[in-house]
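Working notes, beginning with the structure itself.
The values are calculated or read from the model by the stated rules, or taken from the named source; none is laboratory data. Since this is a predicted model, take the numbers as computed values, not measurements. Quick reminder, even Gly has a Cβ in these numbers, built from the backbone with ideal geometry, and neighbours come from all protein chains shown.
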Amino acid sequence: MYACATVLSAAFMFLLVQQAAKAGEPVPPPGFTMLFNGKDLTGWHGMGHFDPRKLWDMSEEEREQMRRENMDEFKAHWYVENGELVNDGQGPYATTDGEYGDIELLIEYKTVPKADSGIYLRANPQVQIWDYTEEGGKWNIGADKGSGGLWNNSPGARGKDPLVLADKPFGQWNSFRIIQVGSYTTVYLNGKLVVDHAVMENYWDRSRPLWPRGPIQLQTHGGEIRWRNIFIRRIPPAEANEMLDEYNDGGFKPVFNGKDLNGWAGPIANYQVQDGALMCKPNEGGTIYTEDEYADFIARLEFKLPPGGNNGLAIRYPGNGDTAYDGMCEIQILDNTASKYDSLDPRQYCGSAYGMVAAHRGFLRPVGEWNFMQVTAEGHEIAVELNGTPILDADLSEVNEYMGDKAHPGKMRLNGHFGFAGHNDPVEFRDIRIKELN
């Protein structure tokens, strides 16, 4: 569970929300902002089940025109009554004007028999809302398990089905607490954990991860549903990193003490430690590496890029040569946004197995902010997560095409050192830990 997601206890949050509801005007808990003002449709527009990539490809004028065209139908099916946002079961989905990335969302709903609905996150379906009864007629597709699951995940995927049935009887208000960091999504329904840190799949393109931001949508689906007390909190990067690091089953050991390079080998005189972070000295570099060797492992660390910064993680490095070719691989650490890198081979951008397999782009935080990265090397497979989003998953034994047709003879290595392939830039690394796998 996300212990640090908010300083408020769930009970205190509930009390605040209930007091606000009695007063007839929603009052967000500290740190949250109001998405629905309890009075009108300000901050919302209508948009149906629509691929957001098409929306982002439009000009601002085209997007505004689309909103205007949907507005009459939106207002025909959505209205405000007694401080509640009400939909009659038809029409476009209520869609936030703003877009959101890492968030904590609080929302209450009340539905009716035979209806179902859902909450789209980043315009991606969805946190499911069911008629969970047998009379609802959808037990054959999972309604018997209750609401709150990531229903559009693949069959058998983590999070698709809720962990427990937590719905309240019809006529009562249900409350969601939804936390999303990167692709990882946690859902509480009526105070019960129903989805625990599961990756939300990209419904629109399952070959790619969920995009970093997008609007929130309230689905319409054949029956009246009412919403109230809709509050949101943007999760800052430092807290997001803590949340991502909370999820582990132990076994991670620090390989950098934050003070010096004790336990490291290679050209360590070319590196320095400042404020608990490891980095190259100005205009110096070279591959430094742990004295210990590792076979299968998971590495976790944080890194911060300067403008145009370039470095890399040495994976199963033999202790000599170029880790990108003589080691299993180099996982690239790069400022993808720098104009000088506009024309690189896709296999050179951040998170890629350098020269062999390209990582998905668009998930780096702005230059100067700390990023959270996890790398898993198991057999010949290498997987990378950046800020909670899986950006690389490859079996290097199957790679037979290389950047510049230059072979990587070390790609089949099954053990070696972990390190940094310094490229003369002051890229900072901290909180470097490794967990050995059986």
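Observations on the structure shown:
- Filtered residues of segment 356-379 (kept if touching a residue at least 40 places away in the same chain (Cβ under 8 Å) and farther than 30 Å from N438 by Cβ): G362, L364, R365, V367, G368, E369, W370
- Cβ pairs under 6 Å, 6+ apart, first in segment 160-180 and free of Cβ contacts under 8 Å to residues at least 40 places away in the same chain and under 11 Å from Y109 (Cα atoms), second in a strand (DSSP E or B) and not basic (K, R): K168/N174
- Boolean, H380 is surrounded by fewer than 23 Cβ atoms within 10 Å (Cβ to Cβ) and either within 24 Å of T290 (Cβ to Cβ) or modelled with pLDDT of 95 or more (or both): yes
- Cβ-Cβ contacts under 8 Å between residues 6 or more apart (or on different chains), taken from a first residue in segment 303-320 that is among the hydrophobic types (A, V, I, L, M, F, W, C) to a second residue that is surrounded by fewer than 24 Cβ atoms within 10 Å (Cβ to Cβ) and assigned to a loop (DSSP other than H, G, I, E, B), are listed as L305/D335; L305/L364; L305/V367; L305/G368.
- Screening segment 54-80 for residues that are charged (D, E, K, R) and in contact (Cβ under 8 Å) with a residue 24 or more places away in the chain and picking the one that is nearest to W44 (Cα to Cα) gives K75.
- Cβ pairs under 6 Å, 6+ apart, first in segment 123-139 and aliphatic (A, V, I, L, M), second assigned to a helix (DSSP H, G or I): A123/P52
- Total residues in segment 294-351, condition of a type in the set (S, T, N, Q) and under 22 Å from the mean Cα position of the chain (by Cα): 3
- Selection within segment 317-348 - part of a loop (DSSP other than H, G, I, E, B) and under 22 Å from V181 (Cα atoms): D335, N336, T337
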